[in-house]
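Input: a single structure, listed below in structure tokens.
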Amino acid sequence: LERNALLEEANRRLRELDRLKTELVGIVGHELRSPLTVINSYASALHDHWDKMEDERKMECIHHVLRECDRLNRMVENVLDMTRIESEQLFLNRQPGDLMSVLEDIAREMSMVPASRPLHVVSSISSLRMEADWDKVKQVVINLLDNAFHFSPPGEAVLITAELQDGMATVRVKDRGPGFPRESRDRLFEKFTRSKAAGMERGLGLGLYIVRTFVEAHGGRVWIEDEEGMGAVVAFSLPL
């Protein structure tokens, strides 16, 4: 009986993975079209009209190509992360480090992303030593920033804050966008849930799911604090 139960569970797991694969292929196929179309359009313009283009127009085309390449890269990273999670191959490589240094490094890197917004790291503490899988913590923050950049109006700053709160390292990513609709908040951290804030639905619907999974794997939690129409605030806490 126990063997039959194990086989049934294995079969159920395989059916679920097959269903997810089918769903993911459909979403990825749809979402890849947009950045690939943009890249093709601007790359073709550069190829066909390079000699006649003014330098400002060339830089504009290159800017759009780089922005969409960055978007594609994030899609691929999220798909790979989801595959590891669903196949139960998610492992943490905990190392000692400084959360504040990691946040500052992320801010410097993300400020170079073509689709970024002004980005500030604010904290009353200069150092927050802890053990974590820093690659995964970095992916958590980058996924939150990717959302914040997309929904924030051009020129509006995105804010990262960090503090000690109830014995936990707590990080908040704040933007000045429309916020998350209240009716969809309970589902935002589920697979394939895409925010429809201000009608700007986009992406694979994996970013916040990966955020929640990585944070909870560390023994932490993630939540939303914003008020709809006043900007989004997504917070997560990690044990020291």
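Odds and ends about this structure:
- A single entry from Ala115, Ala157, Ala148, Ala132 fulfils the requirement of being crowded, with 18+ Cβ neighbours inside 10 Å, touching a Lys or Arg at 6+ places or on another chain (Cβ under 8 Å), at pLDDT below 90 and of a type in the set (Gly, Ala, Ser): Ala148.
- Of Arg67, Arg108, all but one fail to be under 17 Å from Val173 (Cα atoms), among the charged types (D, E, K, R) and out of contact with any Cys (no Cβ under 7 Å at 6 or more places or on another chain); the exception is Arg108.
- Lone qualifier among Leu72, Leu80 - being closer than 18 Å to Leu208 by Cα and without any contact (Cβ under 8 Å) to a residue 12 or more places away in the chain: Leu80
- Residues (aliphatic (A, V, I, L, M), assigned to a loop (DSSP other than H, G, I, E, B) and either buried (at least 17 other Cβ atoms within 10 Å of the Cβ) or out of contact with any Lys or Arg (no Cβ under 9 Å at 6 or more places or on another chain) (or both)) located in segment 91-112: Met112
- Looking only at segment 63-90, and only at residues there that are of a type in the set (A, V, I, L, M, F, W, C) and more than 14 Å from Leu36 (Cα to Cα), the one that is farthest from the chain's Cα centre (by Cα): Leu90
- Test: Ile85 is out of contact with any strand residue (DSSP E or B) (no Cβ under 8 Å at 6 or more places or on another chain) and modelled with pLDDT under 80: yes
- On inspection, Asn73 fails the criterion of being loosely packed, with under 12 Cβ neighbours inside 10 Å, farther than 20 Å from Lys191 by Cα and polar (S, T, N, Q).
The values are calculated or read from the model by the stated rules, or taken from the named source; none is laboratory data. Here the structure is a predicted model, which means the values were calculated and not measured. No Cβ is skipped: glycine too gets one built from the backbone with ideal geometry, and neighbour counts run over all protein chains shown.
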